[in-house]
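A.B. asks: Handing you a structure now.
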Amino acid sequence: MSSAYPHLFSPVQVAGARFKNRIVHAAMTTRYAAAGKVTDRLITYGTTRARGGAAAIVTEPMNLLRRQANPTKVNVWADDAQPGLERWAEAIRACDSHLIAQVQDPGRGRNMPGRNPGAIGASALPDDLSWTVPYALTTSEVEDLILEFARASRRLRERGFSGVEISAGHGHLFHQFMAVRSNERIDRFGGDLVARTRILVELLAALRHECGADFVIGVKLPAEDGMPDGIDLAEARAITGIVHATGVPDYLTWCWGSHSDTLYWHLPDMHGPRAPWMQRIAELAQAAPGVRIGALGLLTDPNEGERIVRDGLADLVMLGRPLVTDPGWGIKADQGREAQIRYCVSCNTCWGAIIANQTLACDNNPRVGLLDELDWQPARAAGPRHVVVVGAGVAGLEAAWVAAARGHRVTVFGASAEVGGKARLHALLPGGESLSSIYDYQRLAADRYGVHFELGVHARLQDVLALQPDTVVLATGSTPRWPAWLPAEWRDEGLVADLRDTVAGLVGRRTREPGTAVIGDEDHTAFTYAAAEMLHRRFGRVVLVTPRPGIAADEALVLRQGIYQRLYRSGIEVITLSTLQLGDAFADGTVLARHILTGAVAPIEDVALLTYATARKPRDELAAGLRAAGVPVQLVGDALAPRTVLAATGDGHRVGNAL
């Protein structure tokens, strides 16, 4: 069978390596290494993606310098790590793929809480995010660093690695040398752009000298970092020309943002266009004729990859998050099984997990890094049973299709006419569209395994018992837990509503409303702020009031930055450290925001809509009735406790496998 993507799946030569196709796994931190050594899980993660179609795997940053001692990264410099490195490279090569190690040091850059007292840098200037002030390397120390990187890379070659990729963007050490903002040196590594780029130029020469002509050397360069005295597009093009003139790089790609308020640029979500950097990558590539070019940034669909290669925009399609979500992205596309791909939803849960020092995780793939992850099929159950799932959100759907794949007869009740639950509602809000990929995949899988759906049905106890289930999975969501101070009459008289109900009632309506929409934010997740954006399109004024000192506290930094930017640009007002209270003039459209610390009151006038995003509590009435009737009950998703999408899909997957 010929591929529907002939350009994407055409081979290409990169230095001494023949790539079987154009798919490259871009570097993603996994936190699977342990004590500085390669682990079985780290090898499994790579081989699974190589078997799934990736022609090359770029590793997460490695510890190539002796001063680098992060135990969740592999110590290339350590003798006791060499057997593991060799085993890793051999395992990838056995899958007709190539292992490429990433060369990087964060320098002063830090995106985790706190400062890094051991940081090094071009100059003693503070990091924009953490305010870490690095030790400024001397001239001889920069030269030693270059040599140490190169000699460690030679070790990698000797262990069977096909190449290295220098991470020179993202606000890391090399980026810091190249940007005026972070380099005020007066030696030969500071001054004009040629001098500031010298560290990279000399590293490239040292790598080629140590590793030979057929060793793949790639470079990820900075494009626009969005900061004053940083790197803009014109300077990025000039840097590209300087690097290209060395004759060393075998491939180039570019990244956006830095360790600053633009960190979120390097992991675009769905609040902007798809493939947002592609045209600019093609423009930058003009400064490097003859070098293989990598496309990077919010590429999730095989059609995008095919178009990029076919139209000559790039030679390599570099995927990070999509191959976390589905390691078989490549072979499924090549075999015409696109409907079976679990697509990345660009939610950046993976980034949030690794920055929190947790292992890699994914909202749409509960089996990341497990041995059987590729084209996983659950084990058949010892005997078929009738499983009834109440609730058709992502937790219930995951439990349903997995249970059905195990051989059980499965019936799903859903209160809405369509599946998806809260995720479906979020998918209708600004930036939420891609969430549909989760429940779309689950519904297709459920249909494939014969799950029966009863949609548009609010299942009562007698409805469930009438089916004589052997076990019931409750995925019925949750209800608001209103603040204790909130007057009951506000709710009884319809003066305040749950944000989810409000959104459900307003989605799709285009009429512009007068007055102010007020949101009491005790939720702090992306749903609340997407809802605020939607309300801003309907109302002349939107005010967020929160008892916390800031907003979006439960979202990863790269998401939080985007939320801040969008709310600020749209003029949505944020009142922190405050609670909503009933005002004397509420009947005239006024409520109060009372400051928790000072008691000062800020009146919010002309209120047309008052809604609350608050803590949730599970609905447990149906569970009690079923247990009283002797029916085994399993709780998943918000019915167990208020959860994230990651936890909800994980719950469903776990329970479906246990049935």
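A.B. asks: Which angle between 0 and 90 degrees, to the nearest 10, do you get for helix 198-211 versus the longest principal axis of the chain when only C-alpha atoms count?
C.D. replies: That works out to roughly 70 degrees.
A.B. asks: Continuing with this model, one more query. Using θ = phi - 60° and the Karplus relation 6.51 cos²θ - 1.76 cosθ + 1.60, list the HN-Hα couplings for region 627-632 in order, rounded to whole Hz, with x at every Gly or Pro.
C.D. replies: Once rounded to whole Hz, the list reads 5, 5, 8, x, 8, x.
A.B. asks: For the charge dipole of the chain, defined by +1 on Lys and Arg C-beta atoms and -1 on Asp and Glu C-beta atoms about the Cα centroid, which residue among THR262, THR29, THR644 has the Cα displaced farthest towards the positive pole?
C.D. replies: THR29
A.B. asks: Still on this model: Over all distinct Cα pairs, what is the inverse of the mean 1/r for region 511-584, reported as the Kirkwood hydrodynamic radius in Å?
C.D. replies: Values: mean 1/r = 0.0794 Å⁻¹.
The answer is 12.6 Å.
A.B. asks: Using unit Cβ charges (K, R positive; D, E negative) and no other charged atoms, how large, in debye to the nearest 20, is the dipole of region 533-647 about its Cα centre? It would help to have the intermediate numbers written out before the result.
C.D. replies: Working: 13 positive and 11 negative charges, 79 e Å.
Dipole of region 533-647, to the nearest 20 debye: 380 debye.
A.B. asks: Here's a follow-up. How are the C-alpha pair distances of the chain spread across 20 Å bins, as whole percents from the shortest bin up?
C.D. replies: Each 20 Å bin holds this share of Cα pairs: 18, 46, 30, 5, 0.
A.B. asks: Which of the peptides 136-142, 546-552, 425-431 is most tightly packed, and how do the rest follow, judged by the mean count of other Cβ atoms within 10 Å per residue?
C.D. replies: For the peptides 136-142, 546-552, 425-431, the packing ranking is 425-431, 546-552, 136-142.
A.B. asks: On to the next question. Could you estimate the translational diffusion coefficient of region 517-659 from the Stokes-Einstein equation, with Rh from the Kirkwood formula over C-alpha pairs, at 20 °C and 1.002 mPa s, in whole µm²/s?
C.D. replies: Numbers: Rh = 17.4 Å.
Rounded to a whole number, D works out at 123 µm²/s.
A.B. asks: I'd like the distance between the alpha-carbon centres of region 289-317 and region 104-154, rounded to an integer number of Å.
C.D. replies: 32
A.B. asks: Starting from the exponent 0.38 and prefactor 2.2 Å, build the expected Rg for region 469-555 from its residue count and divide its actual Cα Rg by it.
C.D. replies: Values: Rg = 15.4 Å, N = 87, 2.2 N^0.38 = 12.0 Å.
Normalised Rg, Cα atoms only: 1.28.
A.B. asks: A further question on this structure: With axes computed from alpha carbons, what is the tilt in degrees of helix 436-448 against the longest principal axis of the chain, rounded to the nearest 10 within 0 to 90?
C.D. replies: That works out to roughly 70 degrees.
A.B. asks: Please list the non-local residues whose amide H lies under 5 Å from the amide H of ARG481, H modeled 1.01 Å from N, same-chain partners needing a gap of 5 or more.
C.D. replies: Those lying under 5 Å, H to H, from ARG481 are ALA615, ARG616, LYS617.
A.B. asks: Something else now. Over all directions, the average projected area of the alpha-carbon convex hull for region 290-371 comes to how many nm²? Intermediate values should be presented prior to the final figure.
C.D. replies: Values: hull surface 26.0 nm².
Result: a mean projected hull area of 6.5 nm².
A.B. asks: Size of the dipole of the chain about the Cα centre, Lys and Arg at +1 and Asp and Glu at -1 on the beta carbon, nothing else charged, in debye to 20?
C.D. replies: On the way: 68 positive and 72 negative charges, 253 e Å.
For the chain, the charge dipole is close to 1220 debye.
A.B. asks: Okay, next question. Against the globular-protein guess of 2.2 N^0.38 Å, express the Cα radius of gyration of region 51-164 as a ratio, rounded to two decimals. Walk me through the numbers before you get to the answer.
C.D. replies: Details: Rg = 16.0 Å, N = 114, 2.2 N^0.38 = 13.3 Å.
That works out to 1.20 for region 51-164.
A.B. asks: What span do the alpha-carbon atoms of region 115-262 cover on each of the three principal axes, reported in whole Å from largest to smallest?
C.D. replies: Projected onto its principal axes, the Cα set of region 115-262 covers 39, 32, 25 Å.
A.B. asks: For the chain, build the charge dipole from Cβ charges (+1 Lys, Arg; -1 Asp, Glu) around the Cα centre, then report which of PRO276, ALA613, LEU597 sits farthest towards its positive end.
C.D. replies: Result: PRO276.
A.B. asks: Can you list residues whose amide H is under 5 Å from ALA101's amide H, if they're 5+ apart or on another chain and H is modeled 1.01 Å from N?
C.D. replies: Long-range HN contacts for ALA101: THR59, GLY163, VAL164, GLU165.
A.B. asks: Which listed residue (ILE575, MET227, GLY212) has the Cα farthest towards the positive end of the charge dipole for the chain, taking +1 on Lys and Arg C-beta and -1 on Asp and Glu C-beta about the Cα centre?
C.D. replies: It is GLY212.
A.B. asks: Moving on. With runs of 4+ DSSP H residues as the only contributors, calculate the mean residue ellipticity of the chain at 222 nm using -39,500 (n - 2.57) per run, divided by the residue total and rounded to the nearest 500. Please report the intermediate quantities before stating the final value.
C.D. replies: Working: 22 runs with 214 residues, N = 659.
Estimated from H runs of four or more residues: -9500 deg cm²/dmol.
A.B. asks: Count charges around ALA69 for me, please; just the other residues with Cβ under 13 Å from its Cβ, Lys/Arg as +1, Asp/Glu as -1. Intermediate values should be presented prior to the final figure.
C.D. replies: Working: positive: LYS37, ARG66, ARG67, LYS73; negative: ASP105.
Surrounding charge for ALA69 is +3.
A.B. asks: Moving on to the next point. Size of the dipole of region 362-466 about the Cα centre, Lys and Arg at +1 and Asp and Glu at -1 on the beta carbon, nothing else charged, in debye to 20? Show your work: numbers first, answer last.
C.D. replies: Working: 10 positive and 11 negative charges, 78 e Å.
Result for region 362-466 is approximately 380 debye, rounded to the nearest 20.
A.B. asks: Could I ask something else about it? Average the reciprocal distances over every distinct pair of alpha-carbons in region 372-441, invert the result, and give the Kirkwood radius in Å. Mind showing how you got there, number by number?
C.D. replies: On the way: mean 1/r = 0.0759 Å⁻¹.
So the Kirkwood estimate lands at 13.2 Å.
A.B. asks: Amide H to amide H, which residues 5 or more places from ARG292 or on other chains are under 5 Å from it, using H placed in the peptide plane?
C.D. replies: Here the answer is LEU252, since their amide H atoms fall under 5 Å of that of ARG292.
A.B. asks: Express in whole angstrom the spacing between the alpha-carbon centres of region 470-532 and region 359-408.
C.D. replies: If we compute the Cα centre of each part, the gap is 30 Å.
A.B. asks: Same structure, new question: For the peptides 506-516, 309-319, 75-85, what is the packing order when you average, over each peptide's residues, the other Cβ atoms within 10 Å and list the highest mean first? If you can, show how the numbers build up before the last one.
C.D. replies: Details: 506-516: 11.7, 309-319: 20.5, 75-85: 18.5.
The most tightly packed comes first, giving 309-319, 75-85, 506-516.
A.B. asks: What does the highest-first list of 644-652, 14-22, 565-573 look like by mean Cβ count within 10 Å? Display every interim value, and only then the final one.
C.D. replies: Values: 644-652: 24.0, 14-22: 20.3, 565-573: 14.2.
Sorting 644-652, 14-22, 565-573 by mean packing, highest first, produces 644-652, 14-22, 565-573.
A.B. asks: Next question. Checking the table LYS73/LYS332; LYS20/LYS332; LYS20/LYS220 against a 19 Å threshold on Cα-Cα, which pairs fail?
C.D. replies: Values: LYS73/LYS332 31 Å; LYS20/LYS332 15 Å; LYS20/LYS220 22 Å.
From the list (LYS73/LYS332; LYS20/LYS332; LYS20/LYS220), the Cα-Cα distance tops 19 Å for LYS73/LYS332; LYS20/LYS220.
A.B. asks: If you don't mind, another one. To the nearest 10 degrees, how steeply does helix 526-536 sit against the main Cα axis of the chain, on a 0 to 90 scale?
C.D. replies: Compared with the principal axis, the helix lies near 70 degrees.
A.B. asks: For region 178-188, in order, what is each residue's ³J(HN,Hα) by Karplus, 6.51 cos²θ - 1.76 cosθ + 1.60 with θ = phi - 60°, in whole Hz (x at glycine and Pro)?
C.D. replies: 7, 9, 4, 4, 10, 9, 10, 5, 10, 8, 6
A.B. asks: Determine the share of the chain's accessible area contributed by carbon and sulfur atoms, expressed in whole percent, with a 1.4 angstrom probe. It would help to have the intermediate numbers written out before the result.
C.D. replies: On the way: 12920 of 25320 Å².
That share works out to 51 percent.
The values are calculated or read from the model by the stated rules, or taken from the named source; none is laboratory data. Predicted, not measured: the structure shown is a model, and the values here were computed from it. Positions of Cβ are generated from backbone atoms using ideal geometry, with glycine treated the same way; all protein chains shown enter the neighbour counts. Quick note on the areas: whole protein, heavy atoms, side chains included, nothing else; ligands and nucleic acids left out. Shrake-Rupley method; radii C 1.70, N 1.55, O 1.52, S 1.80 Å.
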